[in-house]
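The values are calculated or read from the model by the stated rules, or taken from the named source; none is laboratory data. Here the structure is a predicted model, which means the values were calculated and not measured. Don't worry about glycine lacking a Cβ; one is built from the backbone with ideal geometry, like all the others, and counts go over all protein chains shown. The protein model used for the area step is the full one, side chains on, heavy atoms only, and it has no ligands, DNA or RNA in it. Shrake-Rupley method; radii C 1.70, N 1.55, O 1.52, S 1.80 Å.
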Amino acid sequence: PDGGLYIETVPKHGYRFAAAVTQTSDVGQVESQGSPESGTKASTPASVFSPFENDIDSPRTARVETSVGDAVISQGRRSTGSRRKLLSTRALLAIGSVLVVATAALLLIVLKPGSNQVRIRPRQLAILPFRNLKPDKETDFLGFSLADATITRLSDIGSIVVRPSSFVEKYRSKEVDPKHAAADLNVDTLLTGTYLREGSTFRLTIQLIDVKTDKILLVLPIEARYDRLATVQDQVTQSIVDKLQLKLTYAEVQQLGQKGTENAAAYDYFLHGIDLYSRDEFLPAYPMLEKAVEADPNFALAWAHLGRAYNAVASFNLRGRNYHVKAQAAYEQALSLNPDLSEVSIYMANLFTDTNRVDHAVPLLRKLLASHPKLAEAHWELGYAYRQAGMLAESIEECSKAREIDPTVKINSSAFNSYLYTGQYEKFLGSLPLGEPSPFIVFYRGFANYYLQNMQQAALDFDRAYEIEPQLYTRIGKAFSYAIKNERRTGLEILGDVDREIQQRGVGDAEGAYKIAQAYAVLGDTQSALRVLARSVDQGFFCYDYIRSDPLLEKIRGEAEYGRILEVARTRHDSFARDFF
């Protein structure tokens, strides 16, 4: 009923039992001894079974055989009338014995205590931004946004792992060596493309490359009128599914068959908005997405991305609580139009967690994962929700599942904070991407170095993050940098500015507020630290064990108010644990 596979067809081989197998008891040793009379041969079976034919009643000499992996077990017989019934019985018994032995031996392999279940690793695909053969500002946005639209369409398919758009964004408008890009992205399959717009005509040529074999699996030129651009994305998506012979559940087939919009203007505005969002230009992104839904009010995916843009403006640009309200309204509109859009549930859960409604986020994500168990971003968001509530072991488990499914999930836009909050500072550093990622990640690199007492490196990281972009977290990092340099007054000034903006506009996530409290404590402003710490817990960050043991709060731990705040965090944490675990 949930679309999960129990039996898979393996082309030219047979069938495979595909459902998860759980060991409930030890399987005893099974031995099979072939009969010289029957000619039976025993062999260790593989996990693929072929159908067998039974031609018992044929007057000619027949063979009854079943193929178990590469082992073939057969029995010949003579078709004399007087022995036909007896031999038919013997043949059926032989077949039954073979299947019993084969099944038991298979269980010995799959369920052997201490062994790991054999799994087939799905293809790992990266879709690079398409390259404009005639670069100009009027059409450059198509390169990333069309690739992103394809990534979004494929992201719900369980039989393939697709790298998120944020991870391939760095290849925008670049000629790329496929081997180098595949190694960097840790994928075995790559899709590249070049495009050209000439008047009302749009031409795109894609190449699908198997990196392991250095083979081009597909070269597909596509030509369409520009006002039919949405059909181009559909062709690209379907060609990938067909060429890679992806196995789809019924729900996945239905999802792929749904149309986004046939309104050319709406799709053009949508692609513009996606491109701007990918560049972290949230303020110009949301008006473009507003135009998309004005042109086509039934464009569910545009509503979803509009909600995400509103949420980003509220959180990162501190534009006011009203944008959180608008984000939720956009998500609800998207779900009313298409309840099966998994990304909407993920985006809305993130909003719930950020706005002190983690008890709403968890059921939403658990329901989504029940039908999409391999959705990496959903596991990650569930880990984020658990972290806010102080369920750190459970948070690590969920985020680890997410990174096991897709090692790049949220790699540049989120951090594995539960490692940090459990004192695993080196492990936390190792979970961050290398190179020059987002300012948010550079801030967290500095934060980990601060915990490790690598103060000089921490100051360099904090300063670099602020230099890239002075936003919420990087401004907090700059205050930490001033603390390292013993410039207490300057640090308190920059922190006070952030604090006032958040209070005036009624925005800022609770975890971010907690970091402001940490910075106040480090800079020696006890009263401000306690005030903001109380606000953080009240707004949804009640990570009790971390707050209780955080070395950055050492200077305020002896205060009576700290004890009261800690008790509130404990009460909320315990209540959450009772409700959900």
How much solvent-accessible surface does K427 expose, in Å² to the nearest 10, with a 1.4 Å probe and all protein chains in place?
110 Å²
Heavy atoms of F17 accessible to a 1.4 Å probe, total area in Å² rounded to 10
130 Å²
Could you order peptides 475-483, 321-329, 461-469, 300-308 by the average number of other Cβ atoms within 10 Å of their residues, highest first?
300-308, 475-483, 461-469, 321-329
Taking every other residue with Cβ under 13 Å from the Cβ of F167 and scoring Lys and Arg +1, Asp and Glu -1, one gets 0
With a ≥ b ≥ c the root eigenvalues of the C-alpha gyration tensor of the range 460-581, is it rounded (a/c under 1.5), prolate (a/b larger than b/c) or oblate?
prolate
Compute, for the range 264-403, the length of the dipole vector about the Cα centre, with Cβ point charges of +1 (Lys, Arg) and -1 (Asp, Glu) only. Units Debye, rounded to 20.
300 debye
Full-extension gain in nm, T526 to D574, via 0.36 nm per residue minus C-alpha separation
14.6 nm
Counting Lys +1, Arg +1, Asp -1, Glu -1, what net charge surrounds T213 among other residues with beta carbon under 13 Å of its beta carbon?
+1
Packing-based ranking, highest mean first, of 214-225, 231-242 given that Cβ atoms within 10 Å are counted
231-242, 214-225
Taking a probe of 1.4 angstrom, what is the accessible area of H573 in Å², to the nearest 10?
30 Å²
Calculate the length of the line joining the C-alpha centroid of the range 204-274 to that of the range 524-570, in whole Å.
50 Å
